[in-house]
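The values are calculated or read from the model by the stated rules, or taken from the named source; none is laboratory data. As the structure is a computational prediction, the values presented were derived from the model and not from experiment. Ideal geometry is used to build each Cβ from the backbone, glycine not excepted, and the neighbour counts take in all protein chains shown.
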Amino acid sequence: MVYSHVVWLEARASVLSISVMFVLALLGLDLTLGQWGFMLLGMPFCVAAYMIPDFYLLARHFRPIGIALARLDCGARPTHAEASAAIARALNLPLLCFLRINLLHGPLATISILIAFEIINFSFDAGFALWQKAIFAGTHAVRGANACDGRIF
């Protein structure tokens, strides 16, 4: 249940982040209605490109805690090694979150956005200008650097 809560927290934070990005795009990128449609079309692929590895690492980071909690749920006592690993991992989760967001999530999101813009421009002649692509991807890269502020496990 704790792991589900952590994944759900990550998903909600991502939805909120994407919503803020679209509000910023609405206010500053001067997109046409067609460009908005293309952005919405490409969004699921971009989100999947960085959320799937993100959830994989979350599972790996949570594993020692999950093992100890599973023992406790069964009424058993975790071994000394399991308890020690779980405590160490719980204490290190904020650092692991910071590293995951800044070294994986942010760069993958920025790269997937730039690739999606190029594919959409090439395939559908969407007309995204270089400055629009750079500002949208750059804002996401900067947002990724500050993402751990709201993600306390």
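Among the candidates A126, A137, A116, single out the residue that is assigned to a helix (DSSP H, G or I) and more than 15 Å from the chain's Cα centre (by Cα).
A116
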What are the residues in region 31-68 that are closer than 21 Å to S112 by Cα and more than 22 Å from the chain's Cα centre (by Cα), if any? L31, G34, Q35, G37
Cβ-Cβ distance below 9 Å, separation of 6 or more or different chains: which pairs start in region 1-17 with a residue that is over 11 Å from M51 (Cα atoms) and small (G, A, S) and end on one that is surrounded by 12 or more Cβ atoms within 10 Å (Cβ to Cβ) and modelled with pLDDT under 90? A13/A147; A13/R151; S17/H140; S17/R143; S17/G144; S17/A147
Candidate set from region 144-153 (those that are surrounded by fewer than 18 Cβ atoms within 10 Å (Cβ to Cβ) and part of a helix (DSSP H, G or I)); member that is modelled with the highest pLDDT: A145
Counting only residues that are without any contact (Cβ under 8 Å) to a residue 40 or more places away in the chain and touching a helix residue (DSSP H, G or I) at 6+ places or on another chain (Cβ under 8 Å), which one in region 101-110 is farthest from V6 (Cα to Cα)? T110
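Within region 69-88, how many residues are within 26 Å of the chain's Cα centre (by Cα) and either surrounded by 13 or more Cβ atoms within 10 Å (Cβ to Cβ) or over 21 Å from V6 (Cα atoms) (or both)?
4
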Of everything in region 32-46, what is among the hydrophobic types (A, V, I, L, M, F, W, C) and crowded, with 17+ Cβ neighbours inside 10 Å? Give them in sequence order. F38, M39, C46
Return yes when I52 is loosely packed, with under 12 Cβ neighbours inside 10 Å and closer than 16 Å to L108 by Cα and no when it is not. yes
Taking region 91-100 as the search range and keeping residues that are out of contact with any Asp or Glu (no Cβ under 8 Å at 6 or more places or on another chain) and in contact (Cβ under 8 Å) with a residue 40 or more places away in the chain, which one is farthest from F136 (Cα to Cα)? L93
Regarding region 72-80, can at least one residue be identified that is within 19 Å of G37 (Cα to Cα), of a type in the set (D, E, K, R) and either assigned to a loop (DSSP other than H, G, I, E, B) or in contact with a helix residue (DSSP H, G or I) (Cβ under 7 Å, 6 or more places away or on another chain) (or both)? no
